1. What do you reckon, is Ser9 loosely packed, with under 10 Cβ neighbours inside 10 Å and among the small types (Gly, Ala, Ser)?
2. If we keep just the residues of region 46-70 that are under 22 Å from the mean Cα position of the chain (by Cα) and surrounded by 14 or more Cβ atoms within 10 Å (Cβ to Cβ), which is nearest to Leu10 (Cα to Cα)?
Amino acid sequence: MLSRWERQSLQEIEQHLQAEDPRLAVMLERAKSARTRRWLRRGYDAVVVLAVLLAGLCLALGEVGSGFAAGAVAVLVFHWRRRRFPLRRRWAWPSDTRPVPGSDESFP
């Protein structure tokens, strides 16, 4: 745990960095938030996988109610993950350059 003086020193360093090179400060902040989002997505995925495995095990052992409950948890967490981290398209046509089907335009 950092002392109060150390936290104040770090805040001053951050403020100087933002004043001197705002682009670098934004890039560092984005990298930190991307790393946090990636671990959070992995956490959601791990919960879904474990809930599905537990549901399968419960159903195999004849615990139907518990199996359906674990399956419901898996579906619910999967839904939360999709809402929080929507799928990204890796590539898409810019809206004004998409060729019209049936036209003689070549691809840009």
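1. Considered against the rule, which asks whether it is loosely packed, with under 10 Cβ neighbours inside 10 Å and among the small types (Gly, Ala, Ser), Ser9 comes out as no.
2. Val47
Read the figures in this text as sums done on the coordinates, not as results from a lab. Bear in mind that the values here come from a model prediction, so they are computed numbers and not experimental data. Every residue, glycine among them, receives a Cβ derived from its backbone with ideal geometry; neighbour counts consider all protein chains shown.
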